[in-house]
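Encoded as structure tokens, the structure appears first; notes follow it.
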Amino acid sequence: MKGRIVFNVLVVSAFALTAFILLQFSTRNGPNRFGRVRIEMAQLAAAIAQYRAEFGDSLPEKNSDLMNILSGENQKKLQFFSVQAERIDSQGNFVDPWKTPYEIKIFHQTYFAIRSAGPNRTSATKTTSSSTVSRTIF
């Protein structure tokens with residue numbers, strides 16, 4: 001069981017790193033806003049998977065509470081996710097490049113979805129930025 005968890009964490013981490021490298025070179029001056037969203041979503045997904053592998057605890061659904069836990073406010077003071085201060089709003093939410101909080105949904109503690117509202121700052125539309133990704137947490 002522990003070996004499978006480690007394997008899954010490595011796969012998610014490898015995905016996040018690959019996404020970062022590919023998107024870093026996808027435009028002349030680094031990733032555009034959509035590329036940045038994909039990178040951040042992959043990094044956040046990897047951080048959630050690593051936290052679950054370490055603690056197995058249930059995760060809060062509130063963006064700001066999740067950011068606190070992943071940034072080191074947990075039992076072992078481990079940091080799974082780091083973000084620049086300007087990417088956190090006044091309520092403690094992790095925001096996308098358009099300054100809208102990422103929508104993070106935890107389903108039955110086994111799946112999660114991360115969404116960005118995109119440039120129109122409206123959730124659940126055709127222009128919503130890509131990764132409405134559901135992933136198995138373990």
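General observations
- Residue match in segment 102-109 (condition: more than 21 Å from ARG33 (Cβ to Cβ) and aromatic (Phe, Trp, Tyr)): yes
- Between THR127, THR132, the distinction of being under 22 Å from ARG33 (Cβ atoms), part of a loop (DSSP other than H, G, I, E, B) and modelled with pLDDT under 90 belongs to THR127 only.
- Selection of first residues in segment 65-85 that are farther than 15 Å from GLN50 by Cα and of second residues that are buried (at least 16 other Cβ atoms within 10 Å of the Cβ), restricted to Cβ pairs under 7 Å at least 6 apart or on distinct chains, gives the following pairs, ordered by first then second residue: VAL83/PHE94.
- Scanning segment 92-119 for residues that are part of a loop (DSSP other than H, G, I, E, B), under 13 Å from LYS62 (Cα atoms) and of a type outside the set (S, T, N, Q) gives GLY92, TYR102.
- Evaluation of LEU23 against (1) surrounded by 19 or more Cβ atoms within 10 Å (Cβ to Cβ); (2) closer than 22 Å to ALA117 by Cα; (3) at pLDDT 90 or above (one fails), failing number: (3)
- The C-beta contact set for segment 31-45 (first residue without any contact (Cβ under 8 Å) to a residue 60 or more places away in the chain, second residue of a type in the set (Ser, Thr, Tyr) and surrounded by fewer than 22 Cβ atoms within 10 Å (Cβ to Cβ), distance under 7 angstrom, 6+ apart or interchain) comprises GLY35/SER26; GLY35/THR27.
- Residues of segment 60-83 that turn out to be at pLDDT below 90 and either surrounded by 18 or more Cβ atoms within 10 Å (Cβ to Cβ) or more than 13 Å from the chain's Cα centre (by Cα) (or both), as a count: 1
The values are calculated or read from the model by the stated rules, or taken from the named source; none is laboratory data. Source: prediction; values computed, not measured. Counting neighbours? That spans all protein chains shown, and the Cβs are built from the backbone with ideal geometry, glycine included.
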